[in-house]
Structures are given as C-alpha cells and as structure tokens.
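Remarks on the structure that follows.
The values are calculated or read from the model by the stated rules, or taken from the named source; none is laboratory data. Just so you know, these numbers come straight off a predicted model, no measurement behind them. So basically every Cβ, Gly included, is an ideal-geometry build from the backbone, and we count neighbours across all protein chains shown. Areas reflect the complete protein model, heavy atoms only, side chains present, ligands, DNA and RNA absent. Shrake-Rupley method; radii C 1.70, N 1.55, O 1.52, S 1.80 Å.
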Amino acid sequence: EFQNTILGKISYEILNKYKDNILSKIQHRFQYYHYKRNGIDSKIRLSQIEYIETLGHNIIIHSISGQFIERKKLSSFIEEIASENFTQIHKSYAVNKKMIVKMTSKEVILKNGINLPIGRVYKETLKV
C-alpha cells in the first residue's frame, strides 16, 4: 500500500534509481579472499586486510585480526582478488588503499601506525 501513495512512489523511484549503486557498494564491502589454512578452507574480508608482504616464495597477509602465511606470489594474490582497493607499492608490499592515512615520497603510513616503503618503480602509480 505504501508504494501506492505519492510518498511511496517517490521513495520507490529514488530507491530504484540508486539500487545498482547501493548493491555494488554492499557487494564490494563484503568481498572475500578464500584460502586454505591447515587444510581447512577459510576466508577473510578484503576490507580487513591491511597489507601483504612477500617472504621468499610466500606472502604474509596482515589483517586487522592477525597475520597468516600462504605459499603464493604477490602478483598472483593481487590478480586473484581483482580489487581496485589494493595496489602494489614495492616489490615486496601491496597495501589496502583504505588503510593508508599518509603518504610521503618514500613511504606510506597505515592506520595501525606501520610504515611501508614505496619502491621507485611504484611511485608513479601512486602519484607521490
């Protein structure tokens, strides 16, 4: 019945107009990265990942709730998540852009206070 009132029709039209944008934002916020941990399938929200670093043939995923190691290349991880919120800033680091509070010409500073170096090759991409 609400939809049949003038206010209902206006509200419905507004909601319908922004529906795709709202859905896209919700889906984006709840994107997950799936991985195996001790043989068990697990997942973590991309929004909870602060940064990723390489260590030999492994990556260390640093998140709000801790860190874990996975055998994977950094480039493979970035390709797999396909998120514009993550960018590689150094040959050994990729960062969640939403976690950056400050950038200088040599480093990024994250919300948690960690400073990560910016590689020469990646400066142009970051527009530092």
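Restricting the first residue to segment 38-56 and requiring it to be modelled with pLDDT of 90 or more and of a type outside the set (S, T, N, Q), which pairs with a second residue that is assigned to a loop (DSSP other than H, G, I, E, B) and open to solvent by 50 Å² or more (accessible area, probe 1.4 Å) meet a Cβ separation below 6 Å and a spacing of at least six or different chains?
Leu46/Gln31
When you go through Leu46, Leu116 one by one, which is the residue that is more than 12 Å from the chain's Cα centre (by Cα) and of a type in the set (A, V, I, L, M, F, W, C)?
Going through Leu46, Leu116 in turn, just one is more than 12 Å from the chain's Cα centre (by Cα) and of a type in the set (A, V, I, L, M, F, W, C): Leu116.
Check Ile14 against each of (1) modelled with pLDDT of 70 or more; (2) touching a helix residue (DSSP H, G or I) at 6+ places or on another chain (Cβ under 7 Å) and name the one condition it does not meet.
With (1) modelled with pLDDT of 70 or more; (2) touching a helix residue (DSSP H, G or I) at 6+ places or on another chain (Cβ under 7 Å) applied to Ile14, the lone miss is (2).
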